[in-house]
Amino acid sequence: MALELSGIFETPRDIVRSRLRGMARWSLRLLMTIEHRLEKRRSRRTLSELTDDELCDVGLTRAQASAETSKSWFWS
């Protein structure tokens, strides 16, 4: 009977593995979010360095580019 019940309960090793997998998934999501925010920052910096002719080529005005580059690099 004891052998049958032991299969139902998780062992401490299984619990640790499960928690480590959860932490790994959380850490990966955090790193992906930070990477995405930094890419937005790089894009906005590049946008701010474009000339008026280059902005016209991509269909933006200087005012639109300024509005985009004035946004927070991390929160929006």
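The values are calculated or read from the model by the stated rules, or taken from the named source; none is laboratory data. In this text the structure is predicted, and so the values were computed from the model without any measurement. Positions of Cβ are backbone-derived with ideal geometry, glycine not excepted, and every protein chain shown enters the neighbour counts. What goes into the accessible areas is simple: the full protein's heavy atoms, side chains included, and nothing from ligands, DNA or RNA. Shrake-Rupley method; radii C 1.70, N 1.55, O 1.52, S 1.80 Å.
Of these, LEU30, LEU5, which one is modelled with pLDDT of 95 or more, open to solvent by 60 Å² or more (accessible area, probe 1.4 Å) and in a helix (DSSP H, G or I)? Reasoning before the result, please.
Details: LEU5 fails: modelled with pLDDT of 95 or more.
Only one candidate qualifies: LEU30.
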- Message: For the structure I just gave you, tell me whether LEU60 is in contact with a Lys or Arg (Cβ under 9 Å, 6 or more places away or on another chain) and modelled with pLDDT of 90 or more.
- Response: no
- Query: Among all residue pairs at least 6 apart or on different chains, which show Cβ distances below 9 Å where the first residue, located in segment 62-76, is under 11 Å from LEU38 (Cα atoms) and the second is open to solvent by less than 50 Å² (accessible area, probe 1.4 Å) and modelled with pLDDT under 90?
  - Reply: none
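Restricting the search to segment 36-76, which residues are under 19 Å from the mean Cα position of the chain (by Cα) and part of a helix (DSSP H, G or I)?
HIS36, ARG37, LEU38, GLU39, LYS40, ARG41, ARG42, SER43, ARG44, ARG45
Which residues, taken from segment 26-47, are touching a helix residue (DSSP H, G or I) at 6+ places or on another chain (Cβ under 8 Å) and under 14 Å from SER72 (Cβ atoms)? Write out each step before concluding.
In the first step, residues of segment 26-47 are kept if they are touching a helix residue (DSSP H, G or I) at 6+ places or on another chain (Cβ under 8 Å); the result is 44-45, 47.
Answer for segment 26-47, where residues must be touching a helix residue (DSSP H, G or I) at 6+ places or on another chain (Cβ under 8 Å) and under 14 Å from SER72 (Cβ atoms): ARG44, ARG45.
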